[in-house]
1. Give me the residue from the range 80-106 that is more than 18 Å from Ala39 (Cβ to Cβ) and in contact (Cβ under 8 Å) with a residue 24 or more places away in the chain and, out of that set, surrounded by the most Cβ atoms within 10 Å (Cβ to Cβ).
2. For the range 54-79, name all the residues that are more than 16 Å from Ala39 (Cα to Cα) and either surrounded by 17 or more Cβ atoms within 10 Å (Cβ to Cβ) or touching a residue at least 40 places away in the same chain (Cβ under 8 Å) (or both).
3. Please list, ordered by first then second residue, the pairs with beta carbon atoms under 6 Å, 6 or more apart or interchain, first in the range 1-24 and part of a helix (DSSP H, G or I) and modelled with pLDDT of 95 or more, second loosely packed, with under 12 Cβ neighbours inside 10 Å and of a type in the set (Ser, Thr, Tyr).
4. Does Ala39 satisfy the condition of being surrounded by fewer than 17 Cβ atoms within 10 Å (Cβ to Cβ) and either among the β-branched types (Val, Ile, Thr) or part of a helix (DSSP H, G or I) (or both)?
5. Kindly list, by first and then second residue, each pair from a residue in the range 35-51 that is over 12 Å from Ala61 (Cα atoms) to a residue that is β-branched (Val, Ile, Thr) and part of a helix (DSSP H, G or I), limited to pairs with Cβ atoms under 6 Å and residues at least 6 apart or on different chains.
6. In the range 12-57, what count of residues is obtained for those that are more than 16 Å from the chain's Cα centre (by Cα) and under 15 Å from Thr118 (Cβ atoms)?
7. Which of the residues that make up the range 53-100 are assigned to a helix (DSSP H, G or I) and of a type in the set (Phe, Trp, Tyr)?
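The values are calculated or read from the model by the stated rules, or taken from the named source; none is laboratory data. Nothing here was measured: the structure is a model prediction, and the numbers come from that model. Cβ placement follows ideal geometry from the backbone for every residue including glycine, while neighbour counts extend to all protein chains displayed.
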Amino acid sequence: MDVPEQSVIRWQKAEGAVICAVGIWLYAGAETVLPVWAAVLVFFALDLSFLGYLFGRRFGAVCYNLVHVYAFGAVTLALGHLWHAPLGWELGALWLAHCGFDRMLGYGLKTMQGFEFTHLGRIGRARNS
């Protein structure tokens, strides 16, 4: 797999930081239904999608990527707004914030090669080899 240019990676990390900040801003402006402790759990619970790797690299990558694309957070946020459902709005905002947070830290969408292979390059200890 080709490693993206460093400038591209920096731009995607910056984009992730902006999406994270916007998601948190949208959550903060929401008519909150979730207590703060539950919002923190929801924010980090999305990473449980890595458990798909228990069933193989391909299944794990699909599970992880389905949960970590911006589109699903955006759709959840939009539906929460359209249906006047504050919980949907909150979940969508937290979902977007989480995906942006991960990208900001360099955790990209996974390839079928394994968990440490992402569209932003390798992560973890493998990055240095």
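1. Here is the first cut: in the range 80-106, the ones more than 18 Å from Ala39 (Cβ to Cβ) are 82-84, 103-106.
Remaining after also requiring in contact (Cβ under 8 Å) with a residue 24 or more places away in the chain: 103-106.
Numbers: Arg103: 26, Met104: 18, Leu105: 14, Gly106: 17.
Once the filter is applied, the top-ranked residue is Arg103.
2. Taking the range 54-79 first, the residues more than 16 Å from Ala39 (Cα to Cα) are 54-72, 74-75, 78-79.
Correct list: Arg57, Arg58, Gly60, Ala61, Cys63, Tyr64, Asn65, Val67, His68, Val69, Tyr70, Ala74.
3. Qualifying pairs under 6 Å: none.
4. On the way: surrounded by fewer than 17 Cβ atoms within 10 Å (Cβ to Cβ): no; either among the β-branched types (Val, Ile, Thr) or part of a helix (DSSP H, G or I) (or both): yes.
Taking the combined requirement at face value, the residue does not satisfy it.
5. Pairs found: Leu46/Val67.
6. 2
7. As a first pass, look at the range 53-100 and keep what is assigned to a helix (DSSP H, G or I): 53-55, 57-67, 70-82, 86-100.
Selection gives Tyr53, Phe55, Phe59, Tyr64, Tyr70, Phe72, Trp89, Trp95.
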